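The values are calculated or read from the model by the stated rules, or taken from the named source; none is laboratory data. Just so we're clear, the structure is a prediction, and the values are computed from it rather than from any experiment. Here the Cβ positions follow ideal geometry from the backbone for every residue, glycine too, while neighbour counts run over all protein chains shown. Note: accessible area is taken over every heavy atom of the protein model, side chains too, but ligands, DNA and RNA are not part of it. Shrake-Rupley method; radii C 1.70, N 1.55, O 1.52, S 1.80 Å.
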Amino acid sequence: MIVDHRTYTFRPGTMQRWLNKYESEGLPIQKEYLGTFLGLFTTEVGNLHQVVFMWGYESLGDRETRRAAMEADTRWDKFISGIWELDAIQEQNIKILRPASFSPIQ
């Protein structure tokens, strides 16, 4: 398994609107297409105004195929347009993580 680890940094005061929109519109679409939803977390200490979420995939090829299918869905395009209209996200940091041989997640 690989993990798509995303950290989004928000302008102060905008994260909750983004979370509401993501939960009601974006997440249901992603659950139709993407791999295993491992979780979404908000920061409480350290770098504030951040959301971290993770999706698990069988491989990079699996991730690419699933994301391409999702991005072809007009509902996803509409959702993304609405997200940018919020003018909330300041920065996106995306990592692909591969577990060590002794990791409990393989």
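Among Arg67, Arg63, Arg98, which is the only one that is in contact (Cβ under 8 Å) with a residue 60 or more places away in the chain, surrounded by 14 or more Cβ atoms within 10 Å (Cβ to Cβ) and within 18 Å of Arg6 (Cα to Cα)? Lay out the reasoning, then the answer.
Numbers: Arg67 fails: in contact (Cβ under 8 Å) with a residue 60 or more places away in the chain; Arg98 fails: surrounded by 14 or more Cβ atoms within 10 Å (Cβ to Cβ).
When all the criteria are applied, what remains is Arg63.
Could you run through the stretch 1-30 and say how many residues are part of a helix (DSSP H, G or I), among the charged types (D, E, K, R) and either in contact with a helix residue (DSSP H, G or I) (Cβ under 7 Å, 6 or more places away or on another chain) or over 24 Å from Asp87 (Cα atoms) (or both)?
Residues of the stretch 1-30 that are part of a helix (DSSP H, G or I), as a first pass: 15-30.
The next check asks that each one be among the charged types (D, E, K, R); those that pass are 17, 21, 23, 25.
Narrowing the set further to residues that are either in contact with a helix residue (DSSP H, G or I) (Cβ under 7 Å, 6 or more places away or on another chain) or over 24 Å from Asp87 (Cα atoms) (or both) leaves 21, 25.
Counting residues in the stretch 1-30 that are part of a helix (DSSP H, G or I), among the charged types (D, E, K, R) and either in contact with a helix residue (DSSP H, G or I) (Cβ under 7 Å, 6 or more places away or on another chain) or over 24 Å from Asp87 (Cα atoms) (or both) gives 2.
Would you pick out the residues in the stretch 1-33 that are free of Cβ contacts under 8 Å to residues at least 60 places away in the same chain, under 30 Å from Ser101 (Cβ atoms) and of a type in the set (Ser, Thr, Tyr)? Step through it out loud before you land on a result.
Going through the stretch 1-33, the residues free of Cβ contacts under 8 Å to residues at least 60 places away in the same chain turn out to be 12-13, 16, 19-20, 23-33.
Subsequent filtering for residues that are under 30 Å from Ser101 (Cβ atoms) retains 30-31, 33.
Passing the criteria: only Tyr33.
Identify, please: which residue in the stretch 72-95 is in a helix (DSSP H, G or I) and either of a type in the set (Lys, Arg) or within 22 Å of Met1 (Cα to Cα) (or both) and is, among those, most open to solvent (accessible area, probe 1.4 Å)?
Initially, the stretch 72-95 is screened for residues in a helix (DSSP H, G or I), giving 74-85.
If we keep only those that are either of a type in the set (Lys, Arg) or within 22 Å of Met1 (Cα to Cα) (or both) too, we end up with 75, 78.
Working: Arg75: 102, Lys78: 155 Å².
Among those that are in a helix (DSSP H, G or I) and either of a type in the set (Lys, Arg) or within 22 Å of Met1 (Cα to Cα) (or both), it is Lys78.
Return yes when Thr36 is among the polar types (S, T, N, Q), without any contact (Cβ under 8 Å) to a residue 60 or more places away in the chain, closer than 22 Å to Leu97 by Cβ and surrounded by 12 or more Cβ atoms within 10 Å (Cβ to Cβ) and no when it is not. Break it down stepwise before answering.
Working: among the polar types (S, T, N, Q): yes; without any contact (Cβ under 8 Å) to a residue 60 or more places away in the chain: yes; closer than 22 Å to Leu97 by Cβ: yes; surrounded by 12 or more Cβ atoms within 10 Å (Cβ to Cβ): yes.
In short, yes.
Name the residue that is nearest to Lys21 (Cα to Cα), counting only residues in the stretch 39-59 that are among the aromatic types (Phe, Trp, Tyr) and surrounded by 15 or more Cβ atoms within 10 Å (Cβ to Cβ). Show your work before the answer.
Kept after step one, since they are among the aromatic types (Phe, Trp, Tyr), are these residues of the stretch 39-59: 41, 53, 55, 57.
This time we only want the ones that are surrounded by 15 or more Cβ atoms within 10 Å (Cβ to Cβ), so: 53, 55, 57.
Details: Phe53: 15, Trp55: 19, Tyr57: 24 Å.
It comes out as Phe53.
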